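Bear in mind that the values in this text are calculations on the coordinates, not laboratory data. No experiment lies behind these values; they were computed from the predicted model shown. Here the Cβ positions follow ideal geometry from the backbone for every residue, glycine too, while neighbour counts run over all protein chains shown.
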Amino acid sequence: MKKVVIGGFILLSGLLTTLTIIFAAAIYASSITMWVGKSKLWYAIFGANHYGNEVSQSLHLGFPFIIGVLLSVIGLTILGQEYFNIPKNLKADNLPQKQKTNNFTEEIKESLNNFKITQEISEAEVSFIKKEYLTDGKINDVYPTPFKNYYLLDVDGELHLVVIKNNLALKVTEPHLNKKIELKDWYEQITNSKRQF
């Protein structure tokens, strides 16, 4: 969200600068009597070399105009990157992590099969959790648990226990887990006492 605000502000600043210069040059160009170059508008913004005591009728706003264009392009790039969510690091180092996640997923599925889980998880619940749960990693999968409103998440190979409460997807903390003894025992069995808090 911060990047969207920053990108939007930079884009707006660049557009405002550029359009203001174009607007001012368009108004000023009508009063120019002598000009050199492709057009009066271009001359009003950038000007040209003048010799001797010639009066320059240009605004000479080429540098701020270019800065405005650059700001617009930078802001648009930031917004485009956020819109398409282009990952910053596409390194080969990340490939073994995918293999690790697949192995992790299989291990968790095997562990979950040992327990009788009656709670089913709908596509709406999965999409809600993936949308609302705040995490730095990617949510690979969502698993139901025997406990109502509690779910296991595979986040980049790490197991997260999540509770849906007040329309929020929240990570279960150690103090919360200590209050729910049955949940804690079950979670320890699933993770073999390797919890991620």
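log10 I(q)/I(0), Debye, Cα-only segment 2-84, no solvent, q = 0.11, 0.13, 0.15, 0.24 Å⁻¹?
-0.39, -0.49, -0.59, -1.00
Using the structure shown, list the pairs from LYS3/LYS40; LYS3/LYS180; LYS3/LYS131; LYS131/LYS180 with a Cα-Cα distance above 28 Å, or answer none.
LYS3/LYS40; LYS3/LYS180
Stretch ILE121-ASP136 to full length: gain in nm at 0.36 nm per residue minus the Cα-Cα span?
3.1 nm
Label-point separation (nm) for SER30 and VAL4, each offset 7 Å from Cα along Cα-to-Cβ?
Each label point lies 7 Å from its Cα, and together they span 4.1 nm.
Just to be sure I understand: if I project the alpha-carbon convex hull of segment 131-197 onto a plane and average over all orientations, what area do I get in nm²?
4.4 nm²
Relative to the present Cα-Cα distance, how much length would full extension add between LYS179 and LEU70 at 0.36 nm per residue of separation?
33.7 nm
Work out the FRET efficiency for GLU82 and THR191 from their Cβ-Cβ distance, taking R0 = 35 Å, and round it to the nearest 0.05.
0.55
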